[in-house]
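What follows draws every value from the coordinates through simple rules; no lab data is involved. Keep in mind it's a predicted model, so treat the numbers as computed, not measured. Note that we place each Cβ from the backbone using ideal geometry, even for glycine, and neighbour counts take in every protein chain shown.
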Amino acid sequence: MIIGGLQKFSLIDYPHKISAIIFTIGCNFRCPFCHNPELVNPKLYPKKIPENNVFEFLESRMEKLDAVVITGGEPTLHKDLYQFISKIKSMDFLVKLDTNGTYPNILNRLIKDNLLNYIAMDIKGSLDRYEEIVTTKVNLENIKDSINIILSLYKSNKTKDILNKKTDYKSLDTKFNMEKKVNISKRSNAEMKANKSKEIYKDANSNTKVNTDLEIKYEFRTTVLPKFHNEGEIHKIGKLVNGARLFVLQKFYPSKTLDLNFLKEKQFSNNQMLKFKKILENYVQKCLIR
Ligand code: SF4
């Protein structure tokens, strides 16, 4: 992995968890509003942080951190991402991956092998304007595939909910025990971590505990700015991710951008952000503004 940054502590990047953030170098997109230009423009690349240093740090924080967030740049560009995440998982950390969705096959393999706990995928805009927004060629079929892979997680998570609601604990236990068997040795240490915001809930009618960390959570998110987005575009984005569990609208802040001209670019008012949120609520389970 080519790592350009390590943020040792965050309370906001992995929802409800204490996390560290690893920033990978390199991206295949060139979003002009990107606020991590040093990870995207080769002329600005920072000094690489050796992988060993990152693992030494994580080892020293095994009892204190819940999760590791891998972001970029675009982490799925790195050929050894699978091995890298496997190693982090073997240390009992939850893993969140931020991605632009370019490589659905990599995403799929990581999901199938239970290596991810949270996925955040950027939706840059409607498919009609994708290349204009990211200013590079884009394989739109890959973007659609990634969206569908992630959307199918909600359906499988929902199946777990239905199982739970029917209080069919026998099958529920079997299902979770199967998953637990895989992770039990890895997780035992994590579960001893002083109840650090673990999302364990207890069914009111029984003593069955279900650790919702076993579900893969996800969000789609879009940074919106007047140059690229309007209400029509937001409807198109909504249709693209129809049925999603969570959508996050991010306001553009012109403080640091890949294209310096975008420092002068306008941002949406809070009112307009709320209007977009209302539109998206027609398509997704929940929409937040960040
Ligand atoms: S905002 Fe765009 S250019 Fe920046 S890291 Fe994300 S995908 Fe790459």
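Computed packing ranks the peptides 106-116, 45-55, 15-25 as 15-25, 106-116, 45-55, most packed first, by mean other Cβ atoms within 10 Å.
Sequence-ordered 3J(HN,Hα) estimates for segment 110-116 from the Karplus curve with 6.51, -1.76 and 1.60 and θ = phi - 60° stand at 5, 5, 4, 8, 6, 9, 10 Hz, glycine and proline given as x.
Amide H contacts under 5 Å for Val69: Ala20, Ile21, Ile22, Lys96, restricted to partners 5 or more places along the chain or on a different chain, H placed in the peptide plane at 1.01 Å from N.
The HN-Hα couplings worked out from phi for segment 279-290 by the Karplus form 6.51 cos²θ - 1.76 cosθ + 1.60 (θ = phi - 60°) are 4, 5, 5, 6, 10, 10, 5, 8, 10, 10, 10, 10 Hz, whole numbers, x standing for Gly and Pro. Computed from backbone phi, the HN-Hα couplings of segment 133-139 come to 6, 8, 6, 9, 5, 10, 7 Hz, rounded to whole numbers (Karplus: 6.51 cos²θ - 1.76 cosθ + 1.60, θ = phi - 60°; Gly and Pro given as x).
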